[in-house]
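The values are calculated or read from the model by the stated rules, or taken from the named source; none is laboratory data. Bear in mind that the values here come from a model prediction, so they are computed numbers and not experimental data. Glycine also receives a Cβ, built like all others from the backbone with ideal geometry; neighbour counts cover every protein chain displayed. Keep in mind that these areas ignore ligands, DNA and RNA; they rest on the heavy atoms of the full protein, side chains included. Shrake-Rupley method; radii C 1.70, N 1.55, O 1.52, S 1.80 Å.
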Amino acid sequence: MMLALSSQLNTYLLIGAFLFAAGFYGLVQRRSLIGMLIAGELVLSGASVNLMAFNHFLAPDPTVGQIFTLFIMGIAAAEAAIALSIIIAVYRNYKSIDAPDLHDLQG
Amino acid sequence: MNHTLLSAEGLSGLVFLSMIAATVVGALIAIHSKRLVRAVAGLSLCFTGVAGLYYFLNSPFVALMEMLIYVGAVCVTIIFAVMLAEPRAENKPGKGSGMGALFGTIVAGLVFFGVAAVSTTTNWKAAPAKINDGSVTEVGLSLLTSYSMVFELISVVLLVAIIGALVLAHSGREKV
């Protein structure tokens, strides 16, 4: 039974859906910008798990999903670098990284 | 099909279950802990579990890259930012955070059950034949033939991102 679990598409799709929903919850819930960045990484990795599952079970060319996942990793690394330097810059100006404290554009 | 727990298949199933547990528990820690350092630790646990899942999906190269890039680079960078920006623990209740938590839970639950229902009820059709075995050799060949343009572009994107991050972090340094 446990062996069948790792050879079923649905297992991976459910984990991907869980990661996506957890990341979504974190994006809504978190007050600090770094917490939102962490939740965004969870969303990206949910998408990656889905791509890898479809790649392994359904795709005619099993390299495509792996290459897509590698590209997602590259994009996520670039995104993390940019987002963290923006967070550092925001912290210098506001002395806080909580999203509700950054209210200069509230009008 | 009655594998005992100590046979190779049973142990592999146990490892798979522990990878799922690491992924789920890590994600829950990452979104629920008040202190950001613990959230990053949960995130790295979650990514370790995801790397294990990739290994079970016959992609050891992607699993290794997941460990290198996410656990080794992204999580460490986030920890650097946490140490530089000194965030407070998120213990101030804030206006209407109870309502916000309820709303977030409901919407995230709806998203999860919606995606799960779609993915479990759809009749996915496998491709009639695989044109290669998806090994590291094939991945490298595809990267240098079909996807060479994207491969070059992503290196440019990474270069621009790193330079942009340096510029952003450098400007306004004297304000501190």
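Some observations on this one:
- Candidates A:A59, A:A39 - the one that is facing chain B (nearest Cβ under 7 Å) and in a loop (DSSP other than H, G, I, E, B): A:A59
- Count of residues meeting criterion [more than 26 Å from A:L13 (Cβ to Cβ) and hydrophobic (A, V, I, L, M, F, W, C)] in the stretch B:113-142: 1
- Candidates are the residues of the stretch B:27-49 that are part of a helix (DSSP H, G or I) and farther than 18 Å from B:T77 by Cβ; the one that is most open to solvent (accessible area, probe 1.4 Å) is B:H32.
- Selection from the stretch A:54-107 of residues that are in contact with a Pro (Cβ under 6 Å, 6 or more places away or on another chain) and open to solvent by 30 Å² or more (accessible area, probe 1.4 Å): none
- Any hit, the stretch B:134-145, residues being open to solvent by 90 Å² or more (accessible area, probe 1.4 Å), under 28 Å from B:P60 (Cα atoms), charged (D, E, K, R) and facing chain A (nearest Cβ under 8 Å): no
- Being out of contact with any helix residue (DSSP H, G or I) (no Cβ under 6 Å at 6 or more places or on another chain) and within 10 Å of chain A (Cβ to nearest Cβ) is a property that B:L28 has.
- Selected residue (only one of A:I82, A:I88 is modelled with pLDDT under 90, in contact with a helix residue (DSSP H, G or I) (Cβ under 8 Å, 6 or more places away or on another chain) and in a helix (DSSP H, G or I)): A:I88
- Of everything listed in (1) modelled with pLDDT under 90; (2) touching a Cys at 6+ places or on another chain (Cβ under 9 Å); (3) not aromatic (F, W, Y), the single unmet condition for A:G107 is (2).
- With respect to being touching a helix residue (DSSP H, G or I) at 6+ places or on another chain (Cβ under 9 Å), at pLDDT 90 or above, among the polar types (S, T, N, Q) and open to solvent by less than 60 Å² (accessible area, probe 1.4 Å), B:S12 falls outside the description.
- When each of B:G104, B:G100, B:G94 is tested for being at pLDDT below 90, on the phi > 0 side of the Ramachandran plot and open to solvent by less than 50 Å² (accessible area, probe 1.4 Å), the lone residue that passes is B:G94.
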